[in-house]
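Visitor: Below you'll find the structure I mean.
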Amino acid sequence: KTLASYGLGGILADDMGLGKTLQMIAFLQSEKETLNIPSIVICPTSLVYNWESEVEKFAPSLKTLVVSGDKDYREELIEKVEEVDIVITSYPLIRRDIDSYSDIEFAYCVLDEAQHIKNPNSVNAKSVKEIRARGYFALTGTPIENNLTELWSIFDFLMPGYLLSHKKFSERFERPIVMDEDRDVLRELNRHIKPFILRRLKRDVLKERQRSWHS
């Protein structure tokens, strides 16, 4: 919420199973009255209806719209976007439908399993970066620091230009870190990205739970 209030994006990078979906639903619900325009969630096909059921379970006041089905039916659904709070669609379908969203401005655009845009030249990456929104967030349980091109591509979605162009990023950070194992450059990159990444590890959360049980 702090990042959003400053017009910045961020990455929710908690370990798998720690509730990234629920945290994002709570955030979108808390922002609803402020912006009062729909947000869009883009996720793998297998998670589309999971997102719908999680919203219904934890934030029943939010109205969802799952964009799926054949092309004509999806066009009909997209025309109803402004009647709902959260639009949910998949990476394969956003690639096909991106032109239909060109006149729509969303409150937030959320990518789940954001490693699906790890290749900045892929159709997935290019499509989601065309979505117009007031804020951008990414959810990924993978250790993104291990793949610097993936990291750059996600930041290029969140805040284009923050980590320079891909070419300049490679010259300034990726090559020295990967090829030369330059720890100073790695620390510099960490300083740049740390404020925008919220990461909890299972071992830390388990310690917190153990403390609360004992108390």
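Visitor: Find out how many positive minus negative residues lie around residue 59, taking Lys and Arg as positive, Asp and Glu as negative, among other residues whose Cβ is under 12 Å from that of residue 59.
Guide: -2
Visitor: Quick check on the chain: helices-only [θ] at 222 nm, where DSSP H runs of length 4 and up contribute -39,500 (n - 2.57) each and the sum goes over total residues. Nearest 500, please.
Guide: Mean residue ellipticity, 222 nm, calculated: -12500 deg cm²/dmol.
Visitor: Further question: Just how large is the dipole of the stretch 64-188 about the Cα centre, in debye to the nearest 20, putting +1 at every Lys and Arg Cβ and -1 at every Asp and Glu Cβ?
Guide: In debye, rounded to 20, the stretch 64-188 gives about 400.
Visitor: Could you compute the longest span of the chain free of GluC sites (Glu not before Pro) located in DSSP loops and having at most 15 other Cβ atoms within 10 Å, not counting the site residues?
Guide: 1-78
Visitor: A further question follows. Got a number for the accessible area of residue 198? Probe 1.4 Å, square angstrom, nearest 10.
Guide: 90
Visitor: Relative to the Cα centre, what is the charge dipole magnitude of the stretch 11-92, using +1 at the beta carbon of each Lys and Arg, -1 at the beta carbon of each Asp and Glu, and rounding to the nearest 20 debye?
Guide: The dipole of the stretch 11-92 has a size of about 180 debye.
Visitor: Moving on. Leaving out ligands, DNA and RNA, and with a 1.4 Å probe, what % of the accessible surface on the chain is carbon or sulfur?
Guide: 49
Visitor: With all protein chains present and a 1.4 Å probe, how do 89, 2, 64 order by accessible area, largest first?
Guide: Largest accessible area first, the residues go 2, 64, 89.
Visitor: Among 10, 121, 106, flag the residue with its Cα farthest along the positive direction of the charge dipole of the stretch 6-150, charges on Cβ as +1 for Lys/Arg and -1 for Asp/Glu.
Guide: Farthest towards the positive end: 121.
Visitor: Here are some pairs, 118/167; 20/118; 126/194; 1/167; 71/126; 20/71; which of them have Cα atoms lying more than 23 Å apart in this structure?
Guide: Violating the 23 Å limit, Cα to Cα: 126/194; 1/167; 20/71.
Visitor: Using the Cα centre as the reference, give the magnitude of the dipole from point charges on the C-beta atoms of the chain (Lys, Arg: +1; Asp, Glu: -1; all else neutral), rounded to the nearest 20 debye.
Guide: 900
Visitor: Something else: With a 10 Å cut-off between alpha carbons and a GNM built on the chain, which of 159, 179, 16 moves the most?
Guide: The residue that fluctuates most here is 179.
Visitor: Still on this model: Just the accessible area per residue of the stretch 35-162, please: how many Å² with a 1.4 Å probe?
Guide: On a per-residue basis, 44 Å².
The values are calculated or read from the model by the stated rules, or taken from the named source; none is laboratory data. For clarity, every value in this text was computed on a predicted model and none was experimentally measured. Positions of Cβ are backbone-derived with ideal geometry, glycine not excepted, and every protein chain shown enters the neighbour counts. Heavy atoms of the whole protein, side chains included, go into the accessibility calculation; ligands, DNA and RNA do not. Shrake-Rupley method; radii C 1.70, N 1.55, O 1.52, S 1.80 Å.
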